[in-house]
1. Show me the chymotrypsin sites (Phe, Trp or Tyr not before Pro) within segment 85-142 that DSSP assigns to loop and that have at most 16 other Cβ atoms within 10 Å of their Cβ.
2. Cross-link partners among lysines for residue 46, C-alpha distance below 19 Å, same-chain residues fewer than 8 apart left out?
3. Just reorder 67, 75 by solvent-accessible area, largest first, 1.4 Å probe, all chains present.
4. Could you tell me the extents of segment 46-139's C-alpha atoms along the three principal axes, largest first, rounded to whole Å?
5. For a quick check of understanding: with a 1.4 angstrom probe and all protein chains in place, what accessible area in square angstrom does residue 46 have, to the nearest ten?
6. Could you name the lysines in cross-link range of residue 154, using Cα to Cα under 24 Å and dropping any fewer than eight places away on the same chain?
Amino acid sequence: RGFGGDVLAFQYADNDPRRAYVVDNTGTVWRTGCANLPCDGDTEWKPNPLGAAFAVSAYWSRNVLAVDPTNPLRVALAGAWRVFVSRDGAKSFSDAAIPHVPPDTRLSSILIAFNGDILVGTEGKGVWRSNDDGRSWQPFGLQREAPGAVLSIKQVVAVRDTFWEITR
């Protein structure tokens with residue numbers, strides 16, 4: 001069975017390679033894997049339209065879709081101007097705006113960190129962090145003017161420190 005439109009982003013769950021997520025340009029999240037853990041190997045793609053609140057990101061990249069590194073059922077998506085979070089394997093989503101940035105600021109990347117925080121890269125307004133699934137946001141890591149667009153956020157955990165790589 002094919003997707004509803006062009007593929008916007010694709011991600012596997014690092015801790016469950018049988019679970020994958022695709023977002024297409026019709027605003028549908030497709031998921032494979034099981035409804036519950038542990039997974040029994042179901043590989044059928046199942047659609048879930050996000051609805052009218054979803055606007056397709058201008059950035060078509062795997063970096064606009066994130067899967068929690070410790071919970072394969074928790075997924076986050078950067079739409080054009082809003083963040084969408086699912087805790088049930090993309091069956092349902094809550095959505096949130098980042099209140100400290102103008103409403104027309106484009107979202108360009110997203111990451112769920114190892115501690116569960118969600119980090120969102122923007123176009124011209126830097127990186128924002130939420131530790132409560134988007135109910136509140138704080139600026140993250142800016143020591144100077146925000147870059148043009150944050151295209152990728154990566155986390156590397158070393159023995160005693162965590163390093164962040166932000167690409168623009």
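1. Sparse-neighbourhood loop chymotrypsin sites (Phe, Trp or Tyr not before Pro): 114.
2. Of all the lysines, those that pass the test against residue 46 - Cα under 19 Å, at least 8 places apart if same chain - are 91.
3. 67, 75
4. Reported extents, whole Å, longest axis first: 33, 30, 23.
5. 50
6. Partners found: 125.
The values are calculated or read from the model by the stated rules, or taken from the named source; none is laboratory data. Quick caveat, the model's predicted, so the values are computed rather than measured. Here Cβ is always computed from backbone atoms with ideal geometry, including for glycine, and neighbour counts include all displayed protein chains. The area values use the complete protein model at the heavy-atom level, side chains included, leaving out ligands, DNA and RNA. Shrake-Rupley method; radii C 1.70, N 1.55, O 1.52, S 1.80 Å.
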